[in-house]
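Novice: Quick one: this structure, given as structure tokens, is what I'll be asking you about.
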Amino acid sequence: MQYAIELYYDRKTEKELWGLAKRIADEKISTKFLEWKTRPHLTLACFNDVDEAYCTEKLKSFAQSHKVMPAYIGSVGMFNDTKTIFVSPIMNSSMYQFQRELYAELKEFDATGWEWYCPERWVPHCTIALTRDDESTAFYRASDLLLREFRKMSGEFVSIGLVKITFPVEEIFTVDLSR
């Protein structure tokens, strides 16, 4: 089974991001992201298999020693090969350090094949649309809509969670960061 560790936004920011994904669906461009039934998030790490109980304990401990962080979302981007459209946070050294520390905490889990989520190769992003399986123009139409409607936003990263990468995504455990 495949798993991911995700960093979640506060409710207001999550709602704004969800609204962007919903706009793309409402325009009948693509509904694929919504079909995954996942919350807007940054994926911090992906693993091929984990001991769920052990990972949950590790996440609890990690969250207690890490504080809520500001989330400034400032740009739109895309992965052309997978036809994924996303928004990106404005990153700083403490956010990269947060991801490195989490990754080190969970180093015993198999990350083979997930190199784009490893420290030094991580591309932090919050997916808004997945258009690979849609008609060929969906990627361009969704990109155009997002480019026209996106506005910079700020909020907070407030929790981390373990999810099972299934369709739809199965949220296993979520824990709040300390205040």
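The values are calculated or read from the model by the stated rules, or taken from the named source; none is laboratory data. Being a predicted model, the structure only gives us computed values, none of them experimental. Quick reminder, even Gly has a Cβ in these numbers, built from the backbone with ideal geometry, and neighbours come from all protein chains shown.
Novice: Looking at segment 1-37 only, could you name the residues that are touching a residue at least 12 places away in the same chain (Cβ under 8 Å), surrounded by fewer than 20 Cβ atoms within 10 Å (Cβ to Cβ) and assigned to a loop (DSSP other than H, G, I, E, B)?
Specialist: 1, 2, 10, 27, 36, 37
Novice: How many residues, within segment 146-179, are over 19 Å from residue 15 (Cα atoms), among the polar types (S, T, N, Q) and crowded, with 19+ Cβ neighbours inside 10 Å?
Specialist: Residues in segment 146-179 being over 19 Å from residue 15 (Cα atoms), among the polar types (S, T, N, Q) and crowded, with 19+ Cβ neighbours inside 10 Å: 0 in total.
Novice: Whether any residue in segment 45-64 is farther than 21 Å from residue 116 by Cα, in a strand (DSSP E or B) and either modelled with pLDDT of 95 or more or among the charged types (D, E, K, R) (or both) is what I want to check.
Specialist: Within segment 45-64 (the criterion being farther than 21 Å from residue 116 by Cα, in a strand (DSSP E or B) and either modelled with pLDDT of 95 or more or among the charged types (D, E, K, R) (or both)), the answer is no, since none of the residues qualifies.
Novice: So, in segment 124-174, how many residues would count as being in contact with a Lys or Arg (Cβ under 7 Å, 6 or more places away or on another chain) and over 25 Å from residue 26 (Cβ atoms)?
Specialist: Summing the residues that are in contact with a Lys or Arg (Cβ under 7 Å, 6 or more places away or on another chain) and over 25 Å from residue 26 (Cβ atoms) in segment 124-174 gives 2.
Novice: Let me ask something else about it. Being in contact with a Leu (Cβ under 6 Å, 6 or more places away or on another chain) and of a type outside the set (A, V, I, L, M), is that true of even one residue in segment 11-26?
Specialist: Looking through segment 11-26, none of the residues is in contact with a Leu (Cβ under 6 Å, 6 or more places away or on another chain) and of a type outside the set (A, V, I, L, M).
Novice: Hey, another quick one. Checking the structure you have, find out if any residue of segment 118-129 is assigned to a helix (DSSP H, G or I), under 18 Å from residue 3 (Cβ atoms) and either in contact with an Asp or Glu (Cβ under 6 Å, 6 or more places away or on another chain) or not basic (Lys, Arg) (or both). Write out each step before concluding.
Specialist: So in segment 118-129, the residues assigned to a helix (DSSP H, G or I) come out as none.
No, segment 118-129 contains no residue that is assigned to a helix (DSSP H, G or I), under 18 Å from residue 3 (Cβ atoms) and either in contact with an Asp or Glu (Cβ under 6 Å, 6 or more places away or on another chain) or not basic (Lys, Arg) (or both).
Novice: Do you know which residues across segment 96-141 are farther than 21 Å from residue 78 by Cβ and among the polar types (S, T, N, Q)?
Specialist: Selection gives 97, 99, 112.
Novice: On to the next question. Out of all the residues in segment 25-35, is one or more more than 11 Å from residue 162 (Cα to Cα), among the acidic types (Asp, Glu) and in contact with a helix residue (DSSP H, G or I) (Cβ under 8 Å, 6 or more places away or on another chain)? Before the answer, list the steps.
Specialist: Let us first name the residues in segment 25-35 that are more than 11 Å from residue 162 (Cα to Cα), namely 25-35.
Filter again for among the acidic types (Asp, Glu), leaving 26-27, 35.
Okay, now just the ones that are also in contact with a helix residue (DSSP H, G or I) (Cβ under 8 Å, 6 or more places away or on another chain), so 27.
Taking every residue of segment 25-35 in turn, at least one turns out to be more than 11 Å from residue 162 (Cα to Cα), among the acidic types (Asp, Glu) and in contact with a helix residue (DSSP H, G or I) (Cβ under 8 Å, 6 or more places away or on another chain).
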